[in-house]
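First comes the structure, then the notes that go with it.
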């Protein structure tokens, strides 16, 4: 006969489930066993963000009910079916993937089950150009899956192939709590930590790439989690004897009756606060993020925009000078830069580069005499966005002219010159030439016949650095600027 209850022996004397539950209810109160069952399998609870090209919908699809064009995985071959007739291999096998070419309704076999397969994409990699304290945020992940949110900062998680072993070697950094976060090593305690590129991590994993990878977070409930549901705070009790004393109150308690909120009420309360923060953030310019507003707002006082990275605004540049690391560029002239050089510059591995391709500069090396030209896609300043096209506010520096070297200019011009870019949709000027070359005729010429000539006020050769002002001109209703120099 048992003599009392021995704590370290726990339930060793009970050998049936009903007995176990009865003992727990007797020790902890009626129905306490049901509460404990909520933690059954607690150590195995996980959440995942997954990219999988062959994610299975766990619904049986019977042979004869397939939909043409959809992808399936064979679960049971059945008996006497011609799987090859609906898109599978000539010798079909369990686990095989195939795209259905018919429903198979006319087949006379028996049984046969498959499950539909689809492409699952919960997140994507991107390079974040937004800066914090002047440092590019860099390699990041963006959550794009339906009803999926970013892991919170400090969360330890695992990166594996779809069927790989979980090891929890990584930690979330710089999460916005909504859809963007970064990766650091779980053991990284440096300030700032080293941001990791998930593509580099995946290159060391067999059968894993950005389209086939799983991020796994442990959802084990600990005593700390339970304790955090009811955090006590210090609150001033003005009515206490002697005044100025302090009493303990529940976080989220009512000021009137001091009744603590239930877990569901606390979740709702927190969601309300987060919603307010997000609303305010959408109406407050932040100096460490790209800001885009779709509502009217007003800035009072002085405002200064600093081009700290010396990013060119409105015109392309050659690769003769180093690019700014972490900034995105678009190729405006393909030129003669080699594919290997552009791969080195971007940190990517492409087979070819073409006009209009964009890349993030990972290193700042220069390209010598390369004729390839690029343009920064995110220069500093205020921009007006219309249908995705950004126009710099207040002072545009777009350049409708291109340099024409000696030997390729029209016959009536000697030396180098500037001429309108062809085709020029907005300017509509035919061979407008402004030349200050010492060997050229110092004239302003226009119109197709080239017979309208305006003599310049004076002849002078200027260096780019000597210009001090810009002269606005209107051409066919469009405003442009001519560089000028102040004469003392």
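Just a few scattered comments:
- Complete set of residues in segment 139-168 that are farther than 20 Å from residue 119 by Cβ and assigned to a loop (DSSP other than H, G, I, E, B): 149, 150, 151, 152, 153, 154, 155, 165, 166, 167, 168
- Where strands (runs of 3 or more DSSP E) fall entirely within segment 288-380, those with at least 2 residues that are more than 19 Å from residue 137 (Cα to Cα) and modelled with pLDDT of 80 or more are at 328-333, 373-376.
- Count - residues of segment 191-232 that are surrounded by 13 or more Cβ atoms within 10 Å (Cβ to Cβ), outside any strand (DSSP E or B) and without any contact (Cβ under 8 Å) to a residue 40 or more places away in the chain: 3
- Members of segment 16-30 that are closer than 21 Å to residue 221 by Cβ and loosely packed, with under 11 Cβ neighbours inside 10 Å: 29
- Selection status of residue 124, under 14 Å from the mean Cα position of the chain (by Cα), under 30 Å from residue 67 (Cα atoms) and surrounded by 14 or more Cβ atoms within 10 Å (Cβ to Cβ): yes
- Test: residue 337 is farther than 20 Å from residue 197 by Cβ and buried (at least 17 other Cβ atoms within 10 Å of the Cβ): yes
The values are calculated or read from the model by the stated rules, or taken from the named source; none is laboratory data. These numbers were taken from a predicted model, which means no experiment stands behind them. Here the Cβ is made from the backbone with ideal geometry for all residues, glycine too, and neighbour counts use every protein chain on show.
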